[in-house]
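K.L.:
Right, I'll just put the structure down here and ask away after.
The values are calculated or read from the model by the stated rules, or taken from the named source; none is laboratory data. Keep in mind it's a predicted model, so treat the numbers as computed, not measured. No Cβ is skipped: glycine too gets one built from the backbone with ideal geometry, and neighbour counts run over all protein chains shown. With ligands, DNA and RNA removed, areas are computed over all heavy atoms of the protein, side chains included. Shrake-Rupley method; radii C 1.70, N 1.55, O 1.52, S 1.80 Å.
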Amino acid sequence: MSKSSGEEEVHSESPRFLVGFEDHECKEDSRDMRNNSDVYDEEEDEDDLASERQIIVGICSMMKKSNSKPMTQIMERLCKFEYINVVIFPEDVILNEPVEKWPMCDCLISFHSKGFPLDKAVSYAKLRNPLLINDLNMQYFIQDRREVYRILQEEGIDLPRYAVLNRDPDRPEECNLVEGEDHVEVNGEVFQKPFVEKPVSAEDHNVYIYYPTSAGGGSQRLFRKIGSRSSVYSPESTVRKTGSYIYEEFMPTDGTDVKVYTVGPDYAHAEARKSPALDGKVERDSEGKEIRYPVMLTAMEKLVARKVCLAFKQTVCGFDLLRANGHSFVCDVNGFSFVKNSMKYYDDCAKVLGNMVMRELAPQFHIPWSIPMEAEDIPIVPTTSGTMMELRCVIAVIRHGDRTPKQKMKMEVRNALFFDLFEKYGGYKTGKLKLKKPKQLQEVLDIARQLLAELGQHNDCEIEEKKSKLEQLKTVLEMYGHFSGINRKVQLTYLPNGQPKASSEEEDSLKEGPSLLLVLKWGGELTPAGRVQAEELGRAFRCMYPGGQGDYAGFPGCGLLRLHSTYRHDLKIYASDEGRVQMTAAAFAKGLLALEGELTPILVQMVKSANMNGLLDSDSDSLTDCQQRVKARLHEIMQKNQDFTEEAYQKLAPTGSPSLVNSMKIIGNPVKTCDQVYALIQSLTCQIRKRLEDPKSANLQLYHSETLELMLQRWSKLERDFRMKSGRYDISKIPDIYDCVKYDTQHNSSLGLDNMLELFRLSRALADIIIPQEYGINKLEKLDIASAYCLPLIKKIQLDLQRTHEDEAVNKLHPLYSRGVMSPGRHVRTRLYFTSESHVHSLLSIFRYGGLLNEEKDEQWKQAMDYLSAVTELNYMTQIVIMLYEDNNKDPSSEERFHVELHFSPGVKGCQDEENAPMGFGFRPASVENQEKQEDLGSLEDLSEDEPDRAILTEPLSIHRKSPLIRSRKAGSMEVLSESSTSSRNTSYRLFPSCSRQSSDIKSSGLGFEGCSMVPSIYPLETLHNSLSLKQVDEFLNKVCESRSETLTKTLKCRHRWSPWHCVQFGTFISSSSRVNQTLVSTVNKSYTLQLH
């Protein structure tokens, strides 16, 4: 066999490496082989070796394992030790001969695999007493996952929380298992989905992961690799009813598993691979081998490797690590296993084993041998050349994709059944309750059914709830036939003195005593088009990263895939708890990382729910004081039955935003426009009713399985709610009207309803005023409301930027083992935040009005602000992107070391977007002054060939209004752009393609009419600024956070001085409700005290 290049000079001419013995040699089992070297095919030529004592290492395993490439490579290297010979026991001898006839050896490497007679190996070890590399008796324990977990626990090694379910095969139904919709209870221990179900036999690889209904339900079924698959998704959600299993908590690992291989207690090699549970597709290289990359272990993980090796008495031992939530957990111990395809590991393993054998046996056989001293590994520090910068961090805040219209129904309830439900789920602790789980929604449905049944029997019974409202509650909760995913929710709010004010939806008469406000929300689901938008954007987003090499060379966005596959991509995806937002994040991840299959496994493993501390969620029903004042003022201006005056323009558009001013010009008289919109809605509902009377279209299915009846319900509710009993218009319904008409114009246009486009035009003009101005009319209000919404997100972005150059618990590549990776020590951090419209509006307001730059002094920023002012809508898939670069040639303390760029896209193009839609200056545009420097790219080309996975960037560029903006192809960090990425204006390259292909899923699904399922394209990213320093951005974010803290302090002091809500509100309902105990008073006081401090 050929020697690998760079190997050290060996002592012997050829390795002493024998497979088995001749028949006559096997019979002479009494012969002392340790004193006779004639058993080898080749004698040593040297006279001094002939008289030396040789150590025989026996390999006793199934032939498939003994002949494997890793074993062959390692044994070849082991034979190069001057005093070591290797003998492989033939499989026929192992299986059919008694142990007395097995070959003799001084050291035994023996391990169990399928079909191996472990009992015979144990007997042989007792008979011959060789040095055991791997203890044989402990291998019985390794075959039982219960024993593995017991030993790990005894050694104090972290493992996922688990419980064992032992079933009697004859009476499988007699076991301590209680199964619920979204959990199982095993021996009293509750495991919420997602959880893992493992057979107790380690030989059984059919491990199942069960997903919660909120993520789509079903299960991922893992198995031993078959071709290119290692798991498959199944819609089955119930656990297995026969066999014994371990149930354990699912650990979110961002789609990566770490496999660790020890060779003795002081050596551990670790490799990362794509988790088999992610999409079940095995990533293979051009030679068909599974792609894995060696990663660095932390000091704590090295200690765990040592403990595992010693506890199981297995010198050569493989085990699985899960890195989750900043900790490492052992989830499986495999016993004897080698790393595949790593020459460095083969060298190390043979060296460690050889030294171990010599250290143990050389003294007793009087072999002259001294332990060689090993130098510590020298850490490799990658360097950069030229004036290029490296991409270090990408932060993106992205709005969810296309959704069905959001719908809402409010009703005041006083029935005791609702109060009991409110108390059952802890509603009195905060005065609010959100019900989303299937079991909870089922209870609300049961109450509605019960009350309606009682109403049917006794018309005069004391049920105060309005019958029509109860029927709507029942109808909505019965939609789809089951509760799946997050598509409906019920909110209950405690009202100490009943509903304070009647609205168009409530009864005029007020009742005394406490009540609950029930708000039912449904709709707002991500559509098939929304999934395609997110997936396509994820695919295009790869182009943000530098180009790739090897298998990834020559394809758009290949750099990101290479970066991620080599585990140098520190990726975290966060999403708010709304179903549409989470599914958008999962679909985006699928496109970004070229994953396959269902979204549920991707959602559970890759997307972190960020509903803690209001990072990406906001309670839209609880407005700040400022927002309430703004809404009141907005309603007042929009209720005036006259054309907008100069004063109205000053009041409503003090920032002078062109998009706002244009919308006001289209509207003219707001009340007259509302009259027109109301008349158009009436016309629309009339047309839909006529369609329903037509037998041909009675059973017509609209987009996303909607029916004409459901469409009529949507529009009829808006017709009722928009015009109040007083004759005035409820301006807060305008966004809902625009929402519905936008949806129907895009997805149901083939219905051919009259005046739909006119309704779209007018409602859009109204919405273009109402929606952005609800987040503040003047700059101070915009900042106040924005910081209230997204202060936690601002703080998180600041931390993301600061931590980029610090060591963190990511899968760091081991530089000594990472062949073919040019910069194993460098990482790119990506943080993706998926959220709703409120957070996107708020974050953009902070950058626009927070004082990041002075428009008068910075020409590029002025142009960016002009562009943003012309943008009418932050549509689905709106993106705000921050990119951080590092110039390694600059002093680490210099302000020029880190360079920040800010980019923006208003998301999906609208149905009727005008040709004169605002255009920015392209993605990372260059100026004329830099053109010559960029055209001379000789050194750039050289660098990109040598190190194509390194981010490339020229010096920060300035932009002048009069300069024609021309960018050379390799001027930015994108070396390869997507197919249709050039701009028609020839001013700069576009990052994302301007058109999106139609989804094959949608084409084949038959949803909607012909042409209705086309997916709108997404506006390309535009650069707002590309020469900010990290210090500049950090100081700006600091200022925003401090300003908000001061505002909160003032507000709390004011509330404390006058009438704290906690005292007044809670004091009132405590006295008026017998269902609350006195402990609540102290809880409230404590909570208020904490807020003040």
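K.L.:
Could you please find all residues in region 296-324 being closer than 21 Å to V207 by Cβ and in a loop (DSSP other than H, G, I, E, B)? Break it down into steps so the answer makes sense when it comes.
P.N.:
Of region 296-324, the ones closer than 21 Å to V207 by Cβ are 308, 312, 317-324.
Across region 296-324, the qualifying residue is only F312.
K.L.:
Go through region 105-131 residue by residue and tally those that are touching a residue at least 40 places away in the same chain (Cβ under 8 Å) and open to solvent by 20 Å² or more (accessible area, probe 1.4 Å). Full working, then the answer.
P.N.:
Narrowing region 105-131 to residues touching a residue at least 40 places away in the same chain (Cβ under 8 Å): 105-116, 121, 124, 130-131.
Then drop every residue that is not open to solvent by 20 Å² or more (accessible area, probe 1.4 Å), which leaves 112, 114-115, 131.
Count: 4.
K.L.:
Return the only residue of D347, D332, D266, D285 being acidic (D, E), over 30 Å from Y140 (Cβ atoms) and modelled with pLDDT of 85 or more.
P.N.:
The unique qualifying residue is D347.
K.L.:
Residues that are hydroxyl-bearing (S, T, Y), at least 2 per element: which strands (runs of 3 or more DSSP E) completely within region 388-439 meet that? Reasoning before the result, please.
P.N.:
Numbers: elements: 390-399, 406-413, 432-435.
Here the list is empty.
K.L.:
What single numbered condition from (1) surrounded by 13 or more Cβ atoms within 10 Å (Cβ to Cβ); (2) in contact with a helix residue (DSSP H, G or I) (Cβ under 8 Å, 6 or more places away or on another chain); (3) not in a loop (DSSP other than H, G, I, E, B) fails to hold for V184?
P.N.:
Against the list (1) surrounded by 13 or more Cβ atoms within 10 Å (Cβ to Cβ); (2) in contact with a helix residue (DSSP H, G or I) (Cβ under 8 Å, 6 or more places away or on another chain); (3) not in a loop (DSSP other than H, G, I, E, B), V184 comes up short only on (2).
K.L.:
Would you please name the residue that is farthest from D182 (Cα to Cα), looking only at residues in region 230-270 that are of a type in the set (V, I, T) and in a strand (DSSP E or B)?
P.N.:
Filtering region 230-270 for residues of a type in the set (V, I, T) gives 232, 238-239, 242, 246, 253, 256, 258, 260, 262-263.
Next, only the ones that are in a strand (DSSP E or B) stay: 232, 246, 256, 258, 260, 262-263.
On the way: V232: 20, I246: 17, T256: 25, V258: 28, V260: 33, T262: 38, V263: 42 Å.
Ranking the candidates gives V263 first.
K.L.:
In region 411-427, how many residues are crowded, with 19+ Cβ neighbours inside 10 Å and among the charged types (D, E, K, R)?
P.N.:
Counting residues in region 411-427 that are crowded, with 19+ Cβ neighbours inside 10 Å and among the charged types (D, E, K, R) gives 1.
K.L.:
Test D266 against the criterion of being in contact (Cβ under 8 Å) with a residue 24 or more places away in the chain and open to solvent by less than 30 Å² (accessible area, probe 1.4 Å), and give yes or no. Steps first, answer last, please.
P.N.:
Numbers: in contact (Cβ under 8 Å) with a residue 24 or more places away in the chain: yes; open to solvent by less than 30 Å² (accessible area, probe 1.4 Å): no.
So D266 does not fit the description; no.
K.L.:
Related question: Hey, among Y247, Y261, which residue is touching a Phe, Trp or Tyr at 6+ places or on another chain (Cβ under 6 Å) and among the hydroxyl-bearing types (S, T, Y)?
P.N.:
On the way: Y261 fails: touching a Phe, Trp or Tyr at 6+ places or on another chain (Cβ under 6 Å).
Just one listed residue meets the conditions, Y247.
K.L.:
How do the pairs read when you match residues in region 855-867 that are acidic (D, E) with residues anywhere that are open to solvent by less than 70 Å² (accessible area, probe 1.4 Å) and assigned to a helix (DSSP H, G or I), using Cβ under 7 Å and keeping only pairs 6 or more apart or on different chains?
P.N.:
That search, which allows pairs on different chains as well, returns E855/W861; E855/M865.
K.L.:
Pull out all pairs, ordered by first then second residue, where Cβ-Cβ is under 9 Å, the residues are six or more apart or on different chains, the first lies in region 710-725 and is over 14 Å from S683 (Cα atoms) and free of Cβ contacts under 8 Å to residues at least 24 places away in the same chain, and the second is of a type outside the set (A, V, I, L, M, F, W, C) and open to solvent by less than 60 Å² (accessible area, probe 1.4 Å).
P.N.:
Qualifying pairs under 9 Å: Q713/Q407; Q713/Q472.
K.L.:
Related question: Being over 23 Å from D204 (Cβ atoms), touching a Gly at 6+ places or on another chain (Cβ under 8 Å) and modelled with pLDDT of 95 or more is the requirement here; does L127 meet it? Outline the logic, then answer.
P.N.:
Values: over 23 Å from D204 (Cβ atoms): yes; touching a Gly at 6+ places or on another chain (Cβ under 8 Å): no; modelled with pLDDT of 95 or more: yes.
The answer is no for L127.
K.L.:
If you take the residues of region 279-301 that are open to solvent by 30 Å² or more (accessible area, probe 1.4 Å) and within 24 Å of E248 (Cα to Cα), which of them is nearest to the chain's Cα centre (by Cα)?
P.N.:
K281
K.L.:
Something else: Condition check: open to solvent by less than 30 Å² (accessible area, probe 1.4 Å), under 34 Å from the mean Cα position of the chain (by Cα) and either closer than 30 Å to L1037 by Cα or without any contact (Cβ under 8 Å) to a residue 60 or more places away in the chain (or both). Does D744 satisfy that?
P.N.:
Yes; evaluated as a whole, the condition is true for this residue.
K.L.:
Could you list, ordered by first residue, the pairs with Cβ atoms under 9 Å in which the first is in region 656-685 and aromatic (F, W, Y) and the second is open to solvent by 30 Å² or more (accessible area, probe 1.4 Å) and assigned to a helix (DSSP H, G or I), at least 6 apart or interchain?
P.N.:
Close Cβ pairs satisfying both conditions: Y678/E719.
K.L.:
Yes or no: region 868-888 includes at least one residue that is of a type in the set (A, V, I, L, M, F, W, C), at pLDDT 95 or above, on the phi > 0 side of the Ramachandran plot and within 26 Å of the chain's Cα centre (by Cα).
P.N.:
Among the residues of region 868-888, at least one is of a type in the set (A, V, I, L, M, F, W, C), at pLDDT 95 or above, on the phi > 0 side of the Ramachandran plot and within 26 Å of the chain's Cα centre (by Cα), which makes the answer yes.
K.L.:
Tell me whether region 219-232 contains one or more residues that are open to solvent by 20 Å² or more (accessible area, probe 1.4 Å), under 19 Å from the mean Cα position of the chain (by Cα) and at pLDDT below 95.
P.N.:
No, the conditions are met nowhere in region 219-232.
K.L.:
Here is a check on your reading of the model: is Y267 more than 26 Å from the chain's Cα centre (by Cα) and closer than 27 Å to D570 by Cα? Quick ask: steps written out before the conclusion?
P.N.:
Working: more than 26 Å from the chain's Cα centre (by Cα): yes; closer than 27 Å to D570 by Cα: yes.
Judged against the criteria, Y267 is a match.
K.L.:
How many residues does region 67-95 hold that are assigned to a helix (DSSP H, G or I), within 20 Å of V352 (Cβ to Cβ) and of a type outside the set (D, E, K, R)? Write out each step before concluding.
P.N.:
At the first step, the residues of region 67-95 found to be assigned to a helix (DSSP H, G or I) are 69-78, 91-95.
So of that shortlist, the ones also within 20 Å of V352 (Cβ to Cβ) come out as 69-78.
With the extra rule that they be of a type outside the set (D, E, K, R), the set shrinks to 70-75, 78.
Of the residues in that region, 7 qualify.
K.L.:
Still on this structure, please answer the following. Could you list all residues from region 677-691 that are under 15 Å from R764 (Cα atoms) and surrounded by 17 or more Cβ atoms within 10 Å (Cβ to Cβ)?
P.N.:
Of region 677-691, the ones under 15 Å from R764 (Cα atoms) are 677-678, 680-681.
V677, L680, I681, listed by residue number.
K.L.:
What number of residues within region 234-243 are farther than 19 Å from Q192 by Cα, surrounded by 15 or more Cβ atoms within 10 Å (Cβ to Cβ) and of a type in the set (S, T, Y)?
P.N.:
Of all residues in region 234-243, those farther than 19 Å from Q192 by Cα come to 242-243.
If we keep only those that are surrounded by 15 or more Cβ atoms within 10 Å (Cβ to Cβ) as well, we get 243.
Those still in the list that are of a type in the set (S, T, Y) too: none.
Residues in region 234-243 being farther than 19 Å from Q192 by Cα, surrounded by 15 or more Cβ atoms within 10 Å (Cβ to Cβ) and of a type in the set (S, T, Y): 0 in total.
K.L.:
Also, I was wondering about something else. One residue is enough: does region 666-674 have a residue meeting the conditions closer than 26 Å to V519 by Cβ, out of contact with any Asp or Glu (no Cβ under 7 Å at 6 or more places or on another chain) and open to solvent by 40 Å² or more (accessible area, probe 1.4 Å)?
P.N.:
Step one: filter region 666-674 for residues closer than 26 Å to V519 by Cβ, giving 674.
Of the ones still in play, those that are also out of contact with any Asp or Glu (no Cβ under 7 Å at 6 or more places or on another chain) are 674.
Keeping just the survivors that are open to solvent by 40 Å² or more (accessible area, probe 1.4 Å) gives none.
No: region 666-674 contains no residue that is closer than 26 Å to V519 by Cβ, out of contact with any Asp or Glu (no Cβ under 7 Å at 6 or more places or on another chain) and open to solvent by 40 Å² or more (accessible area, probe 1.4 Å).
K.L.:
Residues of region 873-896 being outside any strand (DSSP E or B) and either open to solvent by less than 30 Å² (accessible area, probe 1.4 Å) or within 30 Å of A765 (Cα to Cα) (or both), which ones? Full working, then the answer.
P.N.:
So in region 873-896, the residues outside any strand (DSSP E or B) come out as 873-878, 887-896.
Matches in region 873-896: E873, L874, N875, Y876, M877, T878, D887.
K.L.:
Taking only region 747-788 into account, find how many residues are open to solvent by 20 Å² or more (accessible area, probe 1.4 Å), in a helix (DSSP H, G or I) and closer than 24 Å to H839 by Cβ.
P.N.:
Residues flagged as open to solvent by 20 Å² or more (accessible area, probe 1.4 Å), in a helix (DSSP H, G or I) and closer than 24 Å to H839 by Cβ within region 747-788 amount to 9.
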